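Remarks on the structure that follows.
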Amino acid sequence: MKLQFIGTLKFMESVSQRPWLLFLVLLIFSICSRADQLCDAGLGFDESTCGTTSSSKLLIKGGTVVNAHHQEVADVYVEDGIIIAVKPNIKVGDDVAVLDATGKYVMPGGIDPHTHLAFEFMGTQTVDDFFSGQAAALAGGTTMHIDFVIPVNGSLSAGLETYEKKAKKSCMDYGFHMAITKWDEVVSQEMEIMVKEKGINSFKFFLAYKGALMISDELLLQGLKKCKSLGALAMVHAENGDAVYEGQERMIELGITGPEGHALSRPAVLEGEATSRAIRLASFVNTPLYVVHVMSIDAMEEIARARKAGQRVIGEPVVSGLILDDSVLWDPDFVNAAKYVMSPPIRPSGHDKALQAALSTGILQLVGTDHCVFNSTQKAVGIDDFRKIPNGVNGIEERMHLVWDTMVESGQISVSDYVRITSTECARIFNIYPKKGAILAGSDADIIILNPNASFEISAKSHHTRSDTNVYDGKRGKGKVEVTISGGRIVWENNELKVVPGAGKYIEMPAFSYLFDGIGKADAQYLSSLRAPVKRSQSTNLHSS
């Protein structure tokens with residue numbers, strides 16, 4: 001959208017006689033130019049794909065509305081970004097935009113609980129920022145994500161400030177987790193500020209990445225206690241970092257320097273050990289625990305055992321772990337093999353099916369992506385040493401399609417279960433339900449229309465991430481997100497993306513989610529069970545030699 005100056009002389013003469021008109025013209029020109037810059041924003045979108053549906057009123061007609069526990073054929077009426085009504089045969093005026101969803105599913109937009117956008121890691125930064133990553137998400141039916149704030153020199157406040165700047169270009173709603181990388185009284189106080197003033201209700205502890213992000217058991221215990229007191233959810237990246245370091249040294253000594261060395265150096269047993277340790281320490285403190293990117297049978301079985309015993313443990317598989325196996329890491333083509341390097345690594349065949357089964361039976365609760373994308377040039381830094389390959393794969397755009405095809409089309413889960421594991425359960429865990437994760441009156445109008453009879457194909461040539469590779473390249477399946485609505489605006493329709501930087505909102509997430517219900521009562525029962533301290537006489541007879 002650019003101003004066209006036709007009849008320039010007469011126009012300029014008119015403007016020169018009216019200073020206020022000159023000011024108005026310059027203002028409009030400035031706004032329009034800025035909009036052009038934002039729309040392009042490095043993604044290659046032209047003006048025809050930029051902007052959003054202008055109507056603030058929208059009717060989605062005749063679809064099957066699916067929530068986590070119920071589905072019905074109904075219309076959905078939206079006004080100013082909020083769902084106003086969900087019922088059959090809603091009548092509206094001519095000023096309302098209408099979408100026909102007959103024969104299709106109308107669902108809450110996906111919520112990705114695990115992403116890393118504009119993430120500085122291993123000497124470089126992910127290629128997707130808070131605009132390109134979110135644009136890709138919207139094209140795939142995800143309308144909110146929760147990213148991880150990394151402290152700056154251990155400072156949570158400095159880390160949050162940095163990420164707030166990174167997120168200014170957001171085109172969809174987002175929230176933050178916070179990583180904890182050191183421990184002192186300042187960090188403890190900052191955790192309180194994050195929870196009580198900044199809307200962050202989860203903190204992540206890395207048990208891997210020795211010498212960088214990894215923390216000790218002592219720090220983990222301090223963090224677990226603080227999380228419990230604040231009603232914040234403790235999260236762990238569960239791998240034994242000391243053993244991984246030993247495994248890496250062993251592979252190098254054996255002359256195994258390629259991407260396969262990455263998988264061989266950090267086997268599933270190390271993920272299982274760290275998961276078990278974190279679960280037991282959380283039990284010792286009696287606080288809920290969230291295990292991110294569960295990649296192995298070993299870790300899944302530890303979670304299953306704890307949940308069966310009544311412990312509050314959440315297990316999050318990611319798409320790559322559900323549908324890929326590690327054979328790709330032995331590809332003779334380094335570029336192709338390196339693109340699959342992530343931590344914990346993609347496991348041998350068999351782990352994927354076991355994780356799918358655990359997801360279908362409720363042992364694992366929701367699906368993330370760990371979207372953390374580096375291009376082939378960045379990955380090539382480790383061509384002679386797998387330890388230098390930046391860890392991370394894509395998935396923010398592909399998650400909704402792949403989970404539908406893998407889990408629903410195969411008959412492993414119902415359509416309502418699909419909504420639960422891709423959206424609702426995340427909203428409940430992070431205490432933003434039913435504002436998010438539901439098609440209900442009063443909920444945010446983050447909605448997708450999915451056609452179960454349409455097909456999709458994933459290609460590195462047509463995806464919306466800035467990466468030049470895609471770990472799901474060539475995969476096809478059934479079930480396509482045909483429309484994405486974010487905050488009441490149609491942002492994906494007819495395979496066209498219409499996104500505006502700055503349109504996204506930061507979503508504050510309150511403390512004390514449902515996972516904390518009854519914790520106080522359990523603590524009281526524990527104290528009453530101790531039968532201690534025992535009262536003893538001060539004049540106990542002692543035999544002296």
Nonlocal amide H pairs with Val65, under 5 Å, H built at 1.01 Å: Glu72, Val73, Ala74, Val106
How much accessible area does Leu58 have with a 1.4 Å probe, in Å² rounded to the nearest 10? 0 Å²
Need one number: convex hull volume per residue for the stretch 295-394, Cα atoms only, in Å³. 91 Å³
Residue order for Lys91, Lys436, Lys228 - accessible surface, 1.4 angstrom probe, largest first: Lys91, Lys228, Lys436
Inter-part gap, Cα centre of the stretch 230-252 to Cα centre of the stretch 283-304, in whole angstrom, is 13 Å
Between the residues Ile180, Val318, Val534, the Cα farthest towards the positive end of the dipole of the chain, that dipole coming from +1 and -1 charges on the beta-carbon of Lys, Arg, Asp and Glu, is from Val534
Taking all pairs of different Cα atoms in the stretch 460-540, averaging 1/r and flipping that mean, what Kirkwood radius in angstroms comes out? 19.8 Å
Per-residue ³J(HN,Hα) for the stretch 355-363, Karplus 6.51 cos²θ - 1.76 cosθ + 1.60, θ = phi - 60°, Hz, x for Gly and Pro: 5, 4, 5, 5, 5, 6, 9, x, 5
Can you give the % of DSSP beta bridges in the chain that are antiparallel, to the nearest 5? 50 percent
Size descriptor, Kirkwood hydrodynamic radius, that averages inverse alpha-carbon separations across the stretch 499-541, Å: 15.8 Å
Can you give the calculated 222 nm mean residue ellipticity of the chain, where each DSSP H run of n ≥ 4 adds -39,500 (n - 2.57) and the sum is split over every residue, rounded to the nearest 500 deg cm²/dmol? -9500 deg cm²/dmol
For the stretch 202-209, in residue order, the Karplus 3J(HN,Hα) values (coefficients 6.51, -1.76, 1.60; θ = phi - 60°; whole Hz; Gly and Pro = x) are 8, 9, 9, 10, 8, 8, 10, 6
How big is the stretch 410-545 along each principal axis, measuring the range of its Cα positions in Å and listing the largest first? 90, 38, 35
Give the dimensionless ratio obtained when the Cα radius of gyration of the chain is divided by 2.2 N^0.38 Å. 1.07
Under 5 Å between amide hydrogens, which residues at least 5 positions from Ile490 or on another chain qualify, with H placed 1.01 Å from N in the peptide plane? Thr53
Shape descriptor, the stretch 386-429: equivalent ellipsoid semi-axes (Cα gyration tensor, sqrt 5λ, whole Å, largest first) stand at 27, 15, 8
Of Ser376, Ser414, ordered by accessible area with the largest first and a 1.4 Å probe, the sequence is Ser414, Ser376
When the Debye formula is applied to the Cα atoms of the stretch 278-320, each taken as the same point scatterer, what base-10 log of I(q)/I(0) results at q = 0.14, 0.16, 0.21, 0.23 Å⁻¹? -0.28, -0.37, -0.61, -0.72
What span do the alpha-carbon atoms of the stretch 223-342 cover on each of the three principal axes, reported in whole Å from largest to smallest? 49, 29, 24
Need one value: the accessible area of Val269 in square angstrom, 1.4 angstrom probe, rounded to the nearest 10. 90 Å²
Using the Cα atoms of the stretch 127-207 to build a convex hull, what is its mean projected area in square nanometres? 5.9 nm²
Give, rounded to the nearest 20 debye, the magnitude of the charge dipole that the chain has about its Cα centre when Lys and Arg contribute +1 at Cβ and Asp and Glu contribute -1 at Cβ. 1420 debye
Which order do Asp405, Asp94 take when ranked by solvent-accessible area (1.4 Å probe, heavy atoms of all protein chains), largest first? Asp94, Asp405
Compute the distribution of all C-alpha to C-alpha distances in the stretch 325-461, in bins of 10 Å from 0, and list the percent of pairs in each, rounded to whole numbers. 10, 33, 32, 19, 5, 0
For the stretch 68-153, the Rg and Dmax computed from alpha carbons only, in angstrom: 18.4, 57
Students often forget the sequence filter, so: which aspartates and glutamates lie under 14 Å Cα-Cα from Lys210 once same-chain residues fewer than 8 apart are removed? Glu239, Asp242, Glu246, Glu249
For the chain, calculate the relative contact order in percent as a whole number, restricting contacts to Cα pairs under 8 Å that are 6 or more residues apart. 20 percent
Rounded to the nearest 20 debye, dipole of the stretch 124-241 from Cβ charges on Lys, Arg, Asp, Glu: 80 debye
Calculate the tail of P(r) for the stretch 246-297: the fraction of all Cα-Cα distances greater than 19 Å, expressed in %. 44 percent
Amide H of Leu233 versus every other amide H placed in the peptide plane: which residues, excluding those fewer than 5 positions away on the same chain, fall under 5 Å? Ser202, Phe203
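The values are calculated or read from the model by the stated rules, or taken from the named source; none is laboratory data. Quick caveat: nothing in here was measured; it's all calculated off a predicted structure. Note that we place each Cβ from the backbone using ideal geometry, even for glycine, and neighbour counts take in every protein chain shown. SASA here: full protein model, heavy atoms, side chains in, ligands and nucleic acids out. Shrake-Rupley method; radii C 1.70, N 1.55, O 1.52, S 1.80 Å.
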